[in-house]
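The values are calculated or read from the model by the stated rules, or taken from the named source; none is laboratory data. For clarity, every value in this text was computed on a predicted model and none was experimentally measured. A quick note on method: Cβ atoms are made from the backbone with ideal geometry, for glycine too, and the neighbour counts reach across all protein chains shown. Please note that ligands, DNA and RNA were not included when accessible areas were found on the heavy atoms of the full protein model with its side chains. Shrake-Rupley method; radii C 1.70, N 1.55, O 1.52, S 1.80 Å.
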Amino acid sequence: MFVAEANPLNASPLIFPALECMHIVGFAVTVGTIALVDFRLLGWGMRRQTAGEVARDLAPWTLFGLVSIFFSGPLMFSSDPDMYYLNRSFQFKMVCFALAILFNYTIHRKVALGGGSEGLGIAVACVSLLLWVG
């Protein structure tokens, strides 16, 4: 008699760790590229480029990281939804993640590409970094 696994991710000892590595790399690329733009807004490094130029140059990498996260995250979640869904840390992470993405593609992007005042750029960079660290 054939007995199917409840979730194919739990069938092999290597599938979940490989997926988790993909998730972590995607998150590191996403946060890293956004942090570089934030550091430029703060005036820390890359002084030969504007924040807008840095944001445009890194946009494909940021998108690559987000696609990796959006592909691997739900698959990891499906391996044991109750464990994740009921975890307060996971819930906090999801709220921060949603706010960080929303903030990044609205206010952050507008300030980085549009220039804005230096004080506004510093405030936006600080909020962005706090959301991504959360």
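Divided by 2.2 N^0.38 Å, where N counts the residues, the Cα radius of gyration of segment 62-116 comes to 1.41. Hey, quick one: spin label on residue 130, modelled 7 Å out along Cα-Cβ, who in segment 67-103 has an amide N within reach, i.e. under 18 Å? Those under the cut-off are 92-103. Shown here: segment 13-133, whose C-alpha atoms stretch 48, 26, 20 Å along the first, second and third principal axes, sorted largest to smallest. Measuring nothing but how far apart in sequence close Cα pairs (under 8 Å, 6+ apart) lie, relative to its length, segment 13-79 scores a relative contact order of 50 percent. Longest segment of the chain with no chymotrypsin sites (Phe, Trp or Tyr not before Pro) in a DSSP loop having at most 16 other Cβ atoms within 10 Å? Maximal segment without exposed cleavage sites: 45-134. In whole percent, how big is the carbon plus sulfur part of the accessible area of the chain, probe 1.4 Å, protein atoms only? Carbon plus sulfur share of accessible area: 71 percent.
With all protein chains kept in place, the per residue accessible area of segment 13-133 amounts to 61 square angstrom at a probe of 1.4 angstrom. Considering only 7, 111, 64, and ranking their Cα positions along the charge dipole of the chain that arises from unit charges at the beta-carbon of Lys, Arg, Asp and Glu, the one farthest toward the positive end is 111.
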